[in-house]
Amino acid sequence: MRKLVLAVLFGLAALPLRAENVALLLESRDYRNLPELTDRALLDQAQGLLTRRGFDVIVARDLPMGDLRAELAAVQAQLAEGQIARLIVLASGWFASSDSGAWVLASDADVPSLATADGAGLRLDTIMEIAAQARDAAHLWLVVPDADDLDGSLGAGLRAGLPDRLAVPRGVAVLRGEGGAVISGLDVVLQPGTTLSEALAANRALRAEGTVPTLVPFLPEGFAPIARADREAWEDARATDTEEAYRAYLGQYPNGLNAQAARDRIEALRNAPERIEADLALSRDERRAIQRDLTTLGYDTRGIDGLFGPGTRGAIAAWQDRYQFDQTGYLTRDQIFQLAGQAARRAAELEAEERERRLAEERADRAFWEGTGAGRDEAGLRAYLERYPNGIFASLARERLAQIEAEARAQADRDAWARAQAADTVRAYRRYLADFPEGEFASLARQRLNAMAPVAPVPEVPPLTPPDPGAAEAEEARLNLPLAVRLLVERRLQSLGHAPGPVDGNLDQDSRRAISAAQAQFDLPVTGYLSQPLLDAMLQDALDGLLR
């Protein structure tokens with residue numbers, strides 16, 4: 001008897017369909033006055049499943065009550081004209097019930113009570129009565145959330161959730177469960193040749209009421225839209241182009257139109273250079289080692305950081321081209337070993353070349369040292385240091401130069417002292433002390449000065465109160481003397497026996513007193529400020545000392 005029924009049904013399935021398959025997806029998540037439901041992925045999954053099976057899908061998401069009624073009325077009109085063979089209604093959102101019925105609440109429901117429930121949501125018995133008009137089969141799938149989250153948000157006479165049983169009309173199947181169970185159950189039911197009872201047996205998380213066929217599949221074996229669904233699933237897999245996507249396609253269509261192409265693409269992906277290198281699971285240090293090997297061989301990776309960017313990929317491709325590999329920019333294990341061996345050999349060559357270069361430089365260094373006199377004279381030492389500032393003999397050359405310069409300074413000291421002794425004048429000894437204040441004979445010079453002209457106590461310099469101090473200061477400012485000249489002035493004041501304080505170019509109070517003493521010495525107005533006549537007098541005095 002069962003074989004006879006199936007044969008009749010399959011024969012009918014071969015006839016041209018006079019009605020379409022339609023799915024109405026009702027979802028309310030973003031409620032205005034009730035708690036929100038956040039998961040939208042379920043409705044999107046259901047839409048994808050139904051579309052691939054050739055259903056015309058109507059999506060009513062977060063609509064107010066008036067728009068929900070309009071969508072249901074449009075489906076009823078198609079049913080009345082006999083345009084729908086199979087109907088699926090999937091409702092997801094808050095449900096409310098009473099002793100007299102149950103409702104799926106619209107997004108604009110405002111704390112409904114039993115008195116206002118018909119204006120706040122669609123009655124499930126109305127949906128079922130309309131669905132019963134489908135010619136072949138009708139399903140009502142209910143995604144039921146946790147009713148506890150709605151407690152306290154409903155008015156008098158209503159309870160959160162669905163009643164334990166619904167009055168389901170003949171020809172309609174009602175299935176309820178949480179979101180994942182509904183989606184997986186719907187996926188099984190939409191496999192051509194599968195009955196609803198088989199889907200329920202495979203999914204114990206679903207609860208069914210009403211008409212649950214055990215012999216008649218929801219979609220007949222060889223259902224025509226499967227070809228379109230096959231093509232769409234294949235296009236989705238190609239768009240993603242991953243091994244996982246092609247395996248998902250084969251899971252749906254193991255004997256599909258593109259099953260062999262999917263297997264070929266999986267094999268190609270598994271053998272893709274990117275995949276082969278990724279399977280090596282190279283560490284950051286191993287990637288740095290590869291970059292160092294490429295750099296050693298003369299390929300620019302644009303850094304040794306363990307990150308394989310465009311520079312490293314380009315260097316790999318160039319190396320592969322040089323050794324007649326496919327220029328993929330990705331490495332195999334054998335290529336890594338070959339690259340490491342080449343780099344090790346090249347590193348040894350570079351080290352030998354560097355040793356030879358250093359030996360050649362050392363030979364040239366020694367030859368130049370010998371050629372410039374091996375450090376026997378100042379000119380040779382300076383020539384060597386100019387050519388080899390960090391050479392083999394650089395430290396020795398600097399030591400010998402320091403000795404030569406020290407000897408030159410000592411000889412200059414002795415020559416200056418000889419001149420001072422030959423002149424044997426106050427001015428000559430002061431000149432010596434000005435040039436060599438810490439010289440070898442400085443103490444003798446001071447003793448001789450004291451003997452020739454004992455230093456009397458320095459007379460008290462009158463307070464710096466010239467008739468017009470502003471004019472004297474302005475005259476000094478007009479000279480605009482640089483630091484070097486101010487240092488010379490202080491040294492000259494010191495050689496004249498005055499005390500300008502530290503020789504630092506800063507004309508402080510001590511400097512002013514020394515200037516005043518010098519002005520008095522040269523019979524100039526005592527102002528404490530530098531003037532051109534004072535500079536001229538000190539210069540002339542210095543020249544006179546040189547001529548003596």
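For the chain, find the longest principal axis of its Cα atoms and tell me its angle to the long axis of helix 532-547, 0 to 90°, nearest 10.
60
Order these by the 10 Å Cβ neighbour count, fewest first: GLU349, GLU178.
Fewest to most other Cβ atoms nearby, the residues stand as GLU349, GLU178.
Calculate for the chain the 222 nm mean residue ellipticity that helices alone would give, adding -39,500 (n - 2.57) per DSSP H run of length 4 or more and normalising by residue count, nearest 500 deg cm²/dmol.
Values: 22 runs with 294 residues, N = 548.
Helix-only estimate at 222 nm: -17000 deg cm²/dmol.
Using the basic label-point model (7 angstrom from Cα toward the beta carbon), what is the ALA74 to VAL216 distance in nanometres?
According to this spin-label approximation, the distance is 2.8 nm.
Counting only residues 5 or more places away or on other chains, whose amide H sits under 5 Å from the amide H of ALA138 once H atoms are built in the peptide plane?
LEU87, ALA173
Hey, what does the equivalent ellipsoid look like for the stretch 317-473, semi-axes from the Cα gyration tensor as sqrt of 5 times each eigenvalue, largest first, whole Å?
72, 28, 11
Given points 7 Å out from each Cα along the Cα-Cβ axis, report the ASP415 to GLN83 separation in nanometres with one decimal.
The answer from the label model is 12.1 nm.
Show the residues, 5+ positions off or on another chain, whose built amide H is closer than 5 Å to the amide H of LEU90.
Here LEU24, LEU25, LEU26, TRP141 satisfy the definition.
I'd like the FRET efficiency for THR240 and ALA202, computed as 1/(1 + (r/R0)^6) with the beta carbon distance as r and R0 of 25 Å, rounded to 0.05.
FRET efficiency, THR240 to ALA202: 0.40.
Averaging sequence separations of C-alpha pairs under 8 Å and six or more residues apart, then dividing by the length of the stretch 226-271, give the relative contact order as a whole percent.
Across the stretch 226-271, relative contact order equals 38 percent.
I need to check one value: relative contact order of the chain, counting alpha carbon pairs closer than 8 Å and at least 6 residues apart, in percent.
Worked out over the chain, it gives 7 percent.
With r defined as the distance between the Cβ atoms of LEU307 and ALA484 and R0 fixed at 56 Å, what FRET efficiency is calculated, to the nearest 0.05?
0.50
Given the Cα-Cα distance of ASP62 and GLU475 and 0.36 nm per residue of separation, how much length would full extension add, in nm?
139.4 nm
Taking 0.36 nm per intervening residue step and subtracting the Cα-Cα distance, what contour gain separates ALA394 from ALA367 on full extension?
That pair, ALA394 and ALA367, stretches by 8.3 nm at full extension.
Can you tell me the Rg and the Dmax, both Å, for the Cα atoms in the chain?
Over the chain's Cα set, Rg and Dmax evaluate to 53.1, 152 Å.
Tell me, what ³J(HN,Hα) does each residue in the stretch 81-95 have, in order and in whole Hz, if you take phi through Karplus 6.51 cos²θ - 1.76 cosθ + 1.60 with θ = phi - 60° and put x for Gly and Pro?
8, x, 8, 10, 8, 10, 10, 10, 10, 10, 10, 9, x, 7, 10
Can you give the extra length, in nm with one decimal, that the chain gains between GLN532 and ASP264 once fully stretched, where that is 0.36 nm per residue apart less the Cα-Cα distance?
So the chain would gain 86.3 nm between GLN532 and ASP264.
Would you give the gap between the C-alpha center of the stretch 265-303 and the C-alpha center of the stretch 347-401, rounded to a whole Å?
45
Read the figures in this text as sums done on the coordinates, not as results from a lab. All figures in this text were calculated on a predicted structure; none of them were measured in a lab. Cβ atoms come from the backbone with ideal geometry, glycine included; neighbour counts cover every protein chain shown.
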